[in-house]
1. Could you look through the stretch B:85-107, keep only residues that are hydroxyl-bearing (Ser, Thr, Tyr) and within 14 Å of another protein chain (Cβ to nearest Cβ), and pick out the one that is farthest from A:Ala36 (Cα to Cα)?
2. Is it the case that B:Ser117 is polar (S, T, N, Q) and either outside the structural domain of B:Asp59 (by TED's automatic domain parsing) or surrounded by 24 or more Cβ atoms within 10 Å (Cβ to Cβ) (or both)?
3. Name the residue that is farthest from the other protein chains (Cβ to nearest Cβ), counting only residues in the stretch B:132-142 that are more than 11 Å from A:Thr33 (Cα to Cα) and polar (S, T, N, Q).
4. May I ask you to list the residues in the stretch A:136-153 that are surrounded by 23 or more Cβ atoms within 10 Å (Cβ to Cβ), among the small types (Gly, Ala, Ser) and in a strand (DSSP E or B)?
5. Would you please list the contacts, defined by Cβ atoms under 6 Å and residues six or more apart or on different chains, that run from a residue in the stretch A:30-54 that is more than 7 Å from chain B (Cβ to nearest Cβ) to a residue that is of a type in the set (D, E, K, R) and part of a loop (DSSP other than H, G, I, E, B)?
6. Would it be correct to say that B:Leu81 is among the aliphatic types (A, V, I, L, M) and within 12 Å of A:Ala36 (Cβ to Cβ)?
7. Just to check your reading of the model, which residue among B:Thr78, B:Thr82 is within 14 Å of chain A (Cβ to nearest Cβ), farther than 23 Å from B:Ser176 by Cα and of a type in the set (Val, Ile, Thr)?
8. Could you grab me the full set of residues in the stretch A:161-202 that are of a type in the set (S, T, N, Q) and in a strand (DSSP E or B)?
Amino acid sequence: MHKFTLAAVFCAVLLCCAPAFAIDGQVLINQSTVMAAGGFPYKITQPGSYKLSGNLVVPANTNGIVIEANGVTLDLNGFAVSGPLSCTGLGESISCSNDPEPNPTYGIVTTNLDFATVKNGTVSGFSGGLNIEGIAEDIFATSNLDYGISVSDGVMERCAANFNRDTGLAIAASAALQNTANFNGEYGLRAATSSFSSNVFLANGNDSPGAQILLTASVSGNNNSCNGSAC
Amino acid sequence: MGTVCRSLLVAAAAFVCAAGLVAPPASAGEVTISGTISQSTSDGTGPAVNNPSLNSINDGDAFTVTLDFAGSVSSPGTYDLTGGTLVFSDPAASAAESAFDSISLSVTPDGTSDDISLLGCLTSGSGCLFGNYLSMNFAIPSGDLDSANVPASLISGLYPPLDLLEDDGTTDIQGSVSAYTSPEPASLPLLLCGLFLLVLARVGRKRLTLPGRFAGRA
């Protein structure tokens, strides 16, 4: 009986410690680990620190990584999450193949108002490259259909979005700092109820000044550049 | 008496061969993947601690990864091959790694190819997903899952095809993949059965002049 109690306590301690370990360590993600976990979309359901250890190639009609927990930091570690869309041309002339509409796909997306930090890598080939609530840092988005990077209730910093068919960057209730958006099909930036500073927009849409940024609701900006002029 | 024995032998052989034909293609499978090391500890990764033999590996060495498992992998899907054995081997360096527990193999159709993804979790270190695994990703032509010496190719965007992470990610051995082999496991028994029946048939023909069931049929 005593041995049984000890074993039960030991098991309980192990069970309690397992999630804590996942939080402290950095979970590595690559194509093999995703496939072994059942394939795409790869769902992150526990808070913690995650890091890519290789590129991810995502098949058609599915998301790449879905973050379903608060308190997730995902470091792309310089690697790319790539979907099947490919776009050619620049500005207004961009056209893309493998359009997944009416079921849009995302390279990385948060759900259920979960807040995450995603940084340091590339997202391409989806309806939306990165669509999160939280912080996006040092993300490069290209060859996406609707937008490259979309951030709500957070911060977008040092990101770049080029050659996306519609919009490069989109923010809502957020701040955009030191980002660039060039050669996107409609707008460099769409912003609502946000602030944006020290960003650069070049040759988006029809190349006119008005095509560089589209501001709605309450938006403030300073020290931004649109086609080489202050905006 | 001799005729009866021969008849029983033929019947038994025929039964075994027939069983082999209708049974599942394999009760035990083996996959061998070969390639060349492109990153070793001499490139600055490591040094390997949990398996010091990996420190002898050099860039350019030929390696093989052998997976033995129960059952068969003959169609797309994800296979949990835990319980099988997975061995990474670099003969030139006398280096090997076989301390894997959970093993997973995925086959995904991709146009005219099958994308193959292999994950083997090491028993050493702080856990599989914390930098203690062997990971492979490559493509082979569709329909060659049960073939020998199939040329393997890179899946666009997925490099390196071989990634052996040890010591919580401190040691990172990488390589390219050149060939995939998974001979049809049931082919050898069937071949032996065929040869056996052939021999029996020849023996039967030689004894046509003898009285007995064979002679009567002839």
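The values are calculated or read from the model by the stated rules, or taken from the named source; none is laboratory data. Small disclaimer: the values here were computed from a predicted structure and weren't measured. No Cβ is skipped: glycine too gets one built from the backbone with ideal geometry, and neighbour counts run over all protein chains shown.
1. So the first thing to find is which residues in the stretch B:85-107 are hydroxyl-bearing (Ser, Thr, Tyr), and the list is B:85, B:89, B:94, B:98, B:102, B:104, B:106.
Adding the requirement that they be within 14 Å of another protein chain (Cβ to nearest Cβ) leaves B:102, B:104, B:106.
Details: B:Ser102: 10, B:Ser104: 6, B:Ser106: 7 Å.
Result: B:Ser102.
2. Values: polar (S, T, N, Q): yes; either outside the structural domain of B:Asp59 (by TED's automatic domain parsing) or surrounded by 24 or more Cβ atoms within 10 Å (Cβ to Cβ) (or both): yes.
Answer is yes for this residue.
3. Step one: filter the stretch B:132-142 for residues more than 11 Å from A:Thr33 (Cα to Cα), giving B:132, B:138-142.
This time we only want the ones that are polar (S, T, N, Q), so: B:132, B:142.
Working: B:Asn132: 9, B:Ser142: 15 Å.
Here the residue is B:Ser142.
4. A:Ala136, A:Ala141, A:Gly148, A:Ser150
5. A:Lys43/A:Glu68; A:Thr45/A:Glu68
6. Here the answer is yes, as B:Leu81 does meet what is asked.
7. B:Thr82
8. Let us first name the residues in the stretch A:161-202 that are of a type in the set (S, T, N, Q), namely A:162, A:164, A:167, A:174, A:178-180, A:182, A:184, A:193-195, A:197-199.
Listed by number, the residues that qualify are A:Asn162, A:Thr167, A:Thr180, A:Asn182, A:Thr193, A:Ser194, A:Ser195, A:Ser197.
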